[in-house]
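Inspection log for the structure reproduced underneath, given as structure tokens.
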Amino acid sequence: SFVATGRRHSVAPFVPVAAMSASCEAVVTRRRIDEASPECRRLSLSRQLSSCSTGSWPSSSRTSSPRSSTRAGTPSFVAEPVSCLCGEGLLRGPAPAAASPPRALRLRAAAAQLPHPEKVAYGGEDAFFVSTTGTAAGIADGVGEWGWRFGLNPRHFADELMAAAGGSTEQACELPPKAHASPADRAAAALAAGFAAVRAFGAATALVACLDASSGMVGVANLGDSGLRVLRRQDEPVLRDVTPEGSQQEGGHFSVVGRTEEQQHSFNQPFQLTRLPRAEDFPRLRAEGKGALVQAAKRQGNAKLDSPSDAQPYEFAVSAGDLLILGSDGLFDNLHDDEICRCVERWIDEAHDFHVGAETIAGFLAKAAARQAADEHAETPFSQRAKVAGLSSQGGKVDDITVVAAWVVPAE
């Protein structure tokens, strides 16, 4: 099967959020990062934390998709907002320590994107959405193989998926209260609605998150290897690096109290939503010179593909002051949870400047991940998983990087 074969190179486009009025509760900011400059060089993570003020890929970046072409001239950094999703068979995170009566909440967020150095010209293949209500967000990572093998832009599929999923969450907020489902159900429904609306051929991993403003529950539906972390400030140092293996590391002021897990068929072959052409599409595709795609679709036949119902659902209880980090695999393949906490701690002061803080955090994490990806000697989550799978791997993984940072704040 051509679906999820070989080393998966994810790159993703962002979905521009429509202009928001002053009454919108989601705060959206956009910034730009210059392309890699000769002055950039590989840095250890400890040095990255003090030198990530320039947002570009290090000039020594290693490439992970040799068949991509490089073009110049497109901004490689954007900012926007987040949220959470859910479904059945919920995995639940711990409740906030505070026992005070629940208050209405919303998300104040910003996002940053740093495309793979070879895909800067078209912005990469990641996409995301943020609801104007401050209650939902999502991220999709387009599968790059559809570009170099079939001559399609992998971004289109991810773009359409996120645009439709985001529209679904907006409509859900307009329904009468009795029609509202749980955050998990809404996230799962948004993912399913998004996929049903896609008309482009392609594939992508996807994550949708929805916040129930009154209950303080975040629902997440995750299919593939993007991820979400819930960070909480601690008064005392705590054990904070929660890994799939269950290990923890001594940490400082922020800790990960909730996280999603990857869904993989095998190493580096994540679950993904796929739309293949049908027989009625074949003549047009052949006329367009897409014979390879036609043949691949025929070979696939009636084989079962991943669907929105395969997404793993989660629910996390959150309170004002918590921080959600939503990212594509470009972030979580290169930074451990404790490293993400360290990055956040560096840029957060006791005042909790939610607006500026989210923008700064998203951009700083994207740049830290990019520098780690270019370090050929770094011990990254990706290299560690590769070794567990019996493969020889060292250093980071160069990829598209999309990060959304969202503060949970009171709605009033």
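Overview of values
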{"quantity": "Efficiency of FRET between Ala303 and Glu261 - r from beta-carbon atoms, R0 22 angstrom, step 0.05", "calculated": "0.30"}
{"quantity": "Cα centre as origin, Lys/Arg/Asp/Glu Cβ charges: region 121-203 dipole, Debye", "calculated": "160 debye"}
{"quantity": "Distance in nm between pseudo-label sites at Ala279 and Ala292 (7 Å out along the Cβ direction from Cα)", "calculated": "2.6 nm"}
{"quantity": "Candidate lysines for bridging to Lys367, where Cα separation is under 21 Å - those fewer than 8 sequence places away on the same chain excluded", "calculated": "Lys119, Lys397"}
{"quantity": "Sparsely packed trypsin sites (Lys or Arg not before Pro) within region 304-412, loop by DSSP, other Cβ within 10 Å at most 10", "calculated": "Lys304"}
{"quantity": "Percent of Cα pairs exceeding the 13 Å cut-off, where the set is region 264-321", "calculated": "72 percent"}
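Where a number appears in this text, it was derived from the coordinates with a stated rule and is not lab data. The shown structure was predicted, so the numbers you read here are calculated from the model rather than taken from an experiment. All Cβ positions, glycine included, derive from the backbone under ideal geometry; neighbour counts span all protein chains shown.
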